[in-house]
1. Scan the range 26-35 for residues that are crowded, with 24+ Cβ neighbours inside 10 Å and either under 12 Å from the mean Cα position of the chain (by Cα) or part of a strand (DSSP E or B) (or both) and jot them down.
2. Which residues, taken from the range 207-224, are more than 10 Å from the ligand (Cβ to nearest atom) and over 20 Å from THR178 (Cα atoms)?
3. Can you tell me which residue is least open to solvent (accessible area, probe 1.4 Å) among those in the range 192-206 that are within 14 Å of the ligand (Cβ to nearest atom) and β-branched (Val, Ile, Thr)?
4. Could you please let me know if ARG206 is assigned to a loop (DSSP other than H, G, I, E, B) and closer than 21 Å to GLU52 by Cα?
5. I need the full set of residues from the range 36-49 which are under 13 Å from the mean Cα position of the chain (by Cα) and farther than 20 Å from LEU4 by Cα, in order please.
6. Check CYS222, CYS216 and return the single one that is part of a helix (DSSP H, G or I), of a type outside the set (Asp, Glu) and closer than 23 Å to MET48 by Cα.
7. Looking at ILE173 and the list (1) touching a Ser or Thr at 6+ places or on another chain (Cβ under 8 Å); (2) within 16 Å of the ligand (Cβ to nearest atom), which single condition is not satisfied?
8. I'd like to check something: does the range 149-168 contain any residue that is without any contact (Cβ under 8 Å) to a residue 60 or more places away in the chain and within 16 Å of the ligand (Cβ to nearest atom)?
Amino acid sequence: MSALDPDTGLVLLSAGQDSTTCLAWALDRFRRVETIGFEYGQRHGIEMELREPIRRQLAALRPEWTARLGPDRVIALDVLGRVSENALTADLPLVKRPDGLPATFVPGRNLVFFTFAAIVAYQRGLKHVVGGMCETDFSGYPDCRDDTIKALQAAINLGMDTRLALETPLMWIDKAATWRLAESLGGMALIDLIRRETHSCYRGVRGSLHDWGHGCGDCDACALRAKGWAAYAADLAARRALASAAAGRRRPTGP
Ligand code: ZN
(Lines give C-alpha, C1' and ligand atoms only; values in the text may rest on other atoms or scores of the structure.)
Protein backbone atom coordinates (compact mmCIF):
# COMPACT_ATOMS: atom_id res chain seq x y z
CA MET A 1 0.00 0.00 0.00
CA SER A 2 1.30 3.49 -0.85
CA ALA A 3 2.14 5.84 2.02
CA LEU A 4 -0.47 8.59 2.21
CA ASP A 5 0.11 11.58 4.48
CA PRO A 6 -3.20 12.13 6.34
CA ASP A 7 -2.58 15.88 6.49
CA THR A 8 -2.61 16.42 2.72
CA GLY A 9 -5.17 16.97 -0.01
CA LEU A 10 -5.61 17.23 -3.77
CA VAL A 11 -8.41 19.58 -4.88
CA LEU A 12 -10.24 19.26 -8.21
CA LEU A 13 -10.20 22.94 -9.19
CA SER A 14 -12.36 24.08 -12.11
CA ALA A 15 -12.53 27.81 -11.22
CA GLY A 16 -16.22 27.56 -10.33
CA GLN A 17 -17.76 28.75 -7.06
CA ASP A 18 -17.91 25.24 -5.62
CA SER A 19 -14.38 24.05 -6.35
CA THR A 20 -12.93 27.39 -5.20
CA THR A 21 -14.79 27.02 -1.88
CA CYS A 22 -13.41 23.47 -1.67
CA LEU A 23 -9.87 24.79 -2.15
CA ALA A 24 -10.36 27.17 0.80
CA TRP A 25 -11.84 24.27 2.83
CA ALA A 26 -8.77 22.12 2.11
CA LEU A 27 -6.28 24.93 2.81
CA ASP A 28 -7.99 25.48 6.14
CA ARG A 29 -7.56 21.81 7.09
CA PHE A 30 -4.49 20.27 5.54
CA ARG A 31 -0.81 21.09 5.89
CA ARG A 32 -0.17 20.56 2.18
CA VAL A 33 -2.66 21.06 -0.64
CA GLU A 34 -2.18 20.58 -4.37
CA THR A 35 -4.67 21.22 -7.18
CA ILE A 36 -5.62 19.45 -10.39
CA GLY A 37 -7.63 20.57 -13.42
CA PHE A 38 -8.84 18.90 -16.60
CA GLU A 39 -8.96 20.06 -20.19
CA TYR A 40 -11.68 17.96 -21.80
CA GLY A 41 -12.55 19.97 -24.88
CA GLN A 42 -14.76 22.54 -23.09
CA ARG A 43 -16.36 24.99 -25.53
CA HIS A 44 -15.09 27.84 -23.37
CA GLY A 45 -11.50 28.11 -22.20
CA ILE A 46 -12.43 30.73 -19.61
CA GLU A 47 -12.34 28.33 -16.63
CA MET A 48 -8.80 27.22 -17.42
CA GLU A 49 -7.61 30.85 -17.66
CA LEU A 50 -9.12 31.72 -14.28
CA ARG A 51 -7.64 28.83 -12.29
CA GLU A 52 -4.17 30.26 -11.66
CA PRO A 53 -5.33 33.78 -10.63
CA ILE A 54 -7.84 32.13 -8.26
CA ARG A 55 -5.14 29.93 -6.73
CA ARG A 56 -2.82 32.91 -6.27
CA GLN A 57 -5.42 35.27 -4.79
CA LEU A 58 -6.98 32.65 -2.55
CA ALA A 59 -3.64 31.55 -1.09
CA ALA A 60 -2.78 35.22 -0.43
CA LEU A 61 -5.80 35.62 1.88
CA ARG A 62 -3.97 33.97 4.81
CA PRO A 63 -0.22 33.49 5.37
CA GLU A 64 -0.74 29.82 6.37
CA TRP A 65 -2.69 29.22 3.15
CA THR A 66 0.21 30.66 1.14
CA ALA A 67 2.57 28.22 2.87
CA ARG A 68 0.26 25.24 2.36
CA LEU A 69 -0.60 25.61 -1.33
CA GLY A 70 1.54 23.37 -3.53
CA PRO A 71 1.70 22.86 -7.29
CA ASP A 72 -1.12 22.68 -9.82
CA ARG A 73 -1.48 20.10 -12.60
CA VAL A 74 -3.59 20.23 -15.72
CA ILE A 75 -4.42 16.88 -17.29
CA ALA A 76 -5.46 16.75 -20.96
CA LEU A 77 -8.59 14.62 -21.29
CA ASP A 78 -9.85 15.93 -24.61
CA VAL A 79 -10.77 12.36 -25.51
CA LEU A 80 -13.76 12.84 -23.17
CA GLY A 81 -15.14 15.58 -25.45
CA ARG A 82 -14.52 13.42 -28.51
CA VAL A 83 -16.45 10.37 -27.30
CA SER A 84 -19.36 12.33 -25.77
CA GLU A 85 -22.04 14.51 -27.42
CA ASN A 86 -23.04 17.21 -24.94
CA ALA A 87 -23.54 20.96 -24.71
CA LEU A 88 -20.34 21.58 -22.73
CA THR A 89 -18.01 20.26 -25.42
CA ALA A 90 -20.11 20.74 -28.60
CA ASP A 91 -22.22 23.62 -29.88
CA LEU A 92 -25.60 22.14 -28.88
CA PRO A 93 -28.60 24.05 -27.46
CA LEU A 94 -28.83 24.28 -23.64
CA VAL A 95 -32.12 22.38 -23.37
CA LYS A 96 -33.15 19.38 -21.28
CA ARG A 97 -32.57 15.96 -22.84
CA PRO A 98 -35.55 13.63 -23.36
CA ASP A 99 -34.50 11.68 -20.22
CA GLY A 100 -34.64 14.87 -18.14
CA LEU A 101 -30.89 15.28 -17.73
CA PRO A 102 -29.36 18.67 -18.63
CA ALA A 103 -27.81 18.99 -22.11
CA THR A 104 -24.55 19.82 -20.32
CA PHE A 105 -24.32 16.29 -18.87
CA VAL A 106 -21.00 14.68 -19.86
CA PRO A 107 -21.49 10.97 -19.13
CA GLY A 108 -18.93 9.65 -16.69
CA ARG A 109 -17.12 12.98 -16.32
CA ASN A 110 -16.77 12.97 -12.54
CA LEU A 111 -15.88 9.27 -12.53
CA VAL A 112 -13.05 9.99 -14.95
CA PHE A 113 -11.93 13.15 -13.09
CA PHE A 114 -11.84 11.48 -9.68
CA THR A 115 -10.07 8.43 -11.10
CA PHE A 116 -7.32 10.54 -12.69
CA ALA A 117 -7.09 12.69 -9.55
CA ALA A 118 -6.76 9.51 -7.50
CA ILE A 119 -3.88 8.31 -9.70
CA VAL A 120 -2.07 11.62 -9.10
CA ALA A 121 -2.90 11.64 -5.37
CA TYR A 122 -1.66 8.05 -5.01
CA GLN A 123 1.67 8.92 -6.60
CA ARG A 124 2.04 12.19 -4.65
CA GLY A 125 1.11 10.56 -1.32
CA LEU A 126 -1.90 12.88 -0.90
CA LYS A 127 -4.64 11.31 1.22
CA HIS A 128 -7.76 13.46 0.62
CA VAL A 129 -9.10 14.02 -2.90
CA VAL A 130 -11.54 16.93 -2.68
CA GLY A 131 -14.32 17.80 -5.14
CA GLY A 132 -17.24 20.25 -5.13
CA MET A 133 -19.93 17.69 -6.05
CA CYS A 134 -23.29 18.30 -4.42
CA GLU A 135 -26.65 16.57 -4.64
CA THR A 136 -28.66 18.98 -2.50
CA ASP A 137 -29.06 21.85 -4.93
CA PHE A 138 -27.69 20.66 -8.24
CA SER A 139 -28.38 20.45 -11.95
CA GLY A 140 -29.22 16.74 -11.80
CA TYR A 141 -25.93 15.12 -12.78
CA PRO A 142 -26.05 11.53 -11.49
CA ASP A 143 -22.27 11.43 -11.03
CA CYS A 144 -22.54 14.23 -8.42
CA ARG A 145 -24.50 11.96 -6.09
CA ASP A 146 -23.03 10.83 -2.80
CA ASP A 147 -23.61 7.15 -3.60
CA THR A 148 -21.69 7.52 -6.88
CA ILE A 149 -18.70 9.07 -5.12
CA LYS A 150 -18.74 6.50 -2.28
CA ALA A 151 -18.92 3.59 -4.75
CA LEU A 152 -16.06 5.10 -6.74
CA GLN A 153 -13.98 5.55 -3.58
CA ALA A 154 -14.45 1.86 -2.78
CA ALA A 155 -13.53 0.84 -6.35
CA ILE A 156 -10.43 3.05 -6.41
CA ASN A 157 -9.19 1.84 -3.03
CA LEU A 158 -9.71 -1.80 -4.01
CA GLY A 159 -8.16 -1.31 -7.45
CA MET A 160 -5.12 0.61 -6.17
CA ASP A 161 -4.82 -1.18 -2.81
CA THR A 162 -4.77 2.13 -0.97
CA ARG A 163 -6.90 4.22 1.40
CA LEU A 164 -7.66 7.47 -0.41
CA ALA A 165 -10.57 9.53 0.93
CA LEU A 166 -12.80 11.17 -1.70
CA GLU A 167 -14.09 14.27 0.10
CA THR A 168 -17.14 16.27 -1.00
CA PRO A 169 -17.64 18.97 1.66
CA LEU A 170 -20.55 20.54 -0.25
CA MET A 171 -22.52 17.31 -0.80
CA TRP A 172 -25.34 18.06 1.67
CA ILE A 173 -25.49 21.85 1.64
CA ASP A 174 -27.29 24.20 -0.77
CA LYS A 175 -25.73 27.09 -2.68
CA ALA A 176 -26.59 29.66 0.01
CA ALA A 177 -24.85 27.48 2.61
CA THR A 178 -21.86 27.17 0.25
CA TRP A 179 -21.52 30.99 0.38
CA ARG A 180 -21.81 30.84 4.19
CA LEU A 181 -19.13 28.15 4.33
CA ALA A 182 -16.84 30.40 2.26
CA GLU A 183 -17.53 33.30 4.63
CA SER A 184 -16.65 31.13 7.64
CA LEU A 185 -13.38 30.07 5.99
CA GLY A 186 -12.13 33.34 4.54
CA GLY A 187 -14.49 36.12 5.62
CA MET A 188 -15.87 38.73 3.24
CA ALA A 189 -12.54 38.82 1.39
CA LEU A 190 -13.15 35.25 0.20
CA ILE A 191 -16.79 36.03 -0.64
CA ASP A 192 -15.61 38.93 -2.78
CA LEU A 193 -12.94 36.81 -4.47
CA ILE A 194 -15.50 34.11 -5.33
CA ARG A 195 -17.99 36.69 -6.64
CA ARG A 196 -15.47 38.42 -8.87
CA GLU A 197 -13.01 35.74 -9.95
CA THR A 198 -14.87 32.43 -10.23
CA HIS A 199 -16.88 31.26 -13.22
CA SER A 200 -19.96 29.02 -13.35
CA CYS A 201 -21.80 30.11 -16.54
CA TYR A 202 -22.32 27.30 -19.07
CA ARG A 203 -22.17 29.81 -21.94
CA GLY A 204 -18.72 31.01 -20.92
CA VAL A 205 -20.04 34.59 -20.64
CA ARG A 206 -18.12 36.87 -18.28
CA GLY A 207 -19.99 40.12 -19.05
CA SER A 208 -20.70 42.65 -16.35
CA LEU A 209 -20.48 41.81 -12.65
CA HIS A 210 -23.86 40.95 -11.11
CA ASP A 211 -24.33 40.75 -7.32
CA TRP A 212 -23.72 37.00 -7.61
CA GLY A 213 -20.79 37.21 -10.02
CA HIS A 214 -20.18 37.11 -13.79
CA GLY A 215 -22.31 35.17 -16.26
CA CYS A 216 -25.08 35.23 -18.88
CA GLY A 217 -27.76 35.26 -16.17
CA ASP A 218 -30.12 32.73 -17.72
CA CYS A 219 -28.39 29.35 -18.10
CA ASP A 220 -28.97 26.69 -15.39
CA ALA A 221 -25.63 27.39 -13.73
CA CYS A 222 -26.22 31.16 -13.57
CA ALA A 223 -29.79 30.67 -12.30
CA LEU A 224 -28.58 28.34 -9.54
CA ARG A 225 -25.79 30.70 -8.57
CA ALA A 226 -28.06 33.78 -8.55
CA LYS A 227 -30.69 31.98 -6.43
CA GLY A 228 -28.08 30.84 -3.91
CA TRP A 229 -26.60 34.33 -3.71
CA ALA A 230 -30.03 35.92 -3.12
CA ALA A 231 -30.69 33.56 -0.18
CA TYR A 232 -27.20 34.14 1.23
CA ALA A 233 -27.45 37.94 0.84
CA ALA A 234 -30.80 37.97 2.70
CA ASP A 235 -29.30 35.85 5.49
CA LEU A 236 -26.23 38.12 5.69
CA ALA A 237 -28.42 41.25 5.90
CA ALA A 238 -30.48 39.64 8.70
CA ARG A 239 -27.34 38.68 10.66
CA ARG A 240 -25.92 42.18 10.27
CA ALA A 241 -29.18 43.75 11.46
CA LEU A 242 -29.17 41.47 14.53
CA ALA A 243 -25.51 42.28 15.28
CA SER A 244 -26.12 46.00 14.97
CA ALA A 245 -29.21 45.79 17.24
CA ALA A 246 -27.16 43.84 19.82
CA ALA A 247 -24.36 46.42 19.61
CA GLY A 248 -26.94 49.17 20.17
CA ARG A 249 -28.17 47.42 23.35
CA ARG A 250 -24.60 47.05 24.66
CA ARG A 251 -23.74 50.73 24.05
CA PRO A 252 -23.68 52.56 27.43
CA THR A 253 -26.47 55.09 27.78
CA GLY A 254 -25.49 58.62 28.77
CA PRO A 255 -26.26 60.21 32.18
ZN1 ZN B 1 -24.86 31.54 -17.73
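The values are calculated or read from the model by the stated rules, or taken from the named source; none is laboratory data. Bear in mind the structure is a predicted one, so any value in this text is a computation, not a measurement. When we count neighbours, we look across all protein chains shown, and the Cβ atoms used for this are built from the backbone with ideal geometry, even at glycine. With ligands, DNA and RNA removed, areas are computed over all heavy atoms of the protein, side chains included. Shrake-Rupley method; radii C 1.70, N 1.55, O 1.52, S 1.80 Å.
1. Here is the first cut: in the range 26-35, the ones crowded, with 24+ Cβ neighbours inside 10 Å are 26-27, 33, 35.
Passing the criteria: ALA26, VAL33, THR35.
2. Selection gives SER208 alone.
3. In this case the residue turns out to be THR198.
4. yes
5. Within the range 36-49, GLY37, GLU47 qualify.
6. On inspection, the qualifying residue turns out to be CYS222.
7. Tallying (1) touching a Ser or Thr at 6+ places or on another chain (Cβ under 8 Å); (2) within 16 Å of the ligand (Cβ to nearest atom), ILE173 fails exactly one: (2).
8. No.
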